[in-house]
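Each value in this text was obtained by applying a stated rule to the coordinates, not by laboratory testing. Keep in mind that this is a model prediction, so the values were computed, not measured.
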Amino acid sequence: MASHTMHTGERHRIRFDDHLPVDHRLNTVYRIGAGLMGLFLLAFGILGLTDNIGFFDTGGNTALGLNTNGTLSVLSVCVGLLLCVGMVIGGNFASTLNMTLGILFILSGFLNLALLDGSYNFLAFKIQNVLFSFVVGVLLMVFGMYGRVGSTLPHDNPYWRARHPDAEQRADATGDQVR
């Protein structure tokens, strides 16, 4: 005997963008997170490029207390611009962008930690760069996941509704509100 119920109804996908108003508080968090990190990376990259450092120079050139070279500066400017675009667009795009780049920053920290004193350290990372990469990665992930994950999401949250489509259908059938 089966102890589970069969769902005969068709499942429909919820588009998150349709359920979040333009001025939703989560949108502000995603935008602030993307904007702050983007502006810092832009400043770091531009300061690194103004020193006329070689693209693959692994000397001790620094900008804002972090070791840099031309390649890392250009990469920082590109990622900073991408985060600023995320700040302008906002919403789920900024949230997803923050989470994705946060994971990439953490992976970059681990990869560059392994390459720290080797000949393949073409981004001229030092330990402060690795630590910065970890901190930025975690902050971007927190900014991106804010309001999307957690055990106490309110039932009117679109992410909670997407994970519990049966609760909404039961509420519609009984005439109750989803709690």
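Computed values, structure above
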| item | result |
| --- | --- |
| Kirkwood hydrodynamic radius of the range 35-137, from inverse mean 1/r over distinct Cα pairs, in Å | 13.7 |
| Estimated vicinal HN-Hα couplings, Hz - the range 110-118 in sequence order (Karplus 6.51, -1.76, 1.60; Gly, Pro = x) | 5, 5, 6, 5, 5, 9, 3, 9, x |
| Extension reserve of the LEU49-LEU81 stretch, reckoned as 0.36 nm per residue once the Cα distance is removed | 10.0 nm |
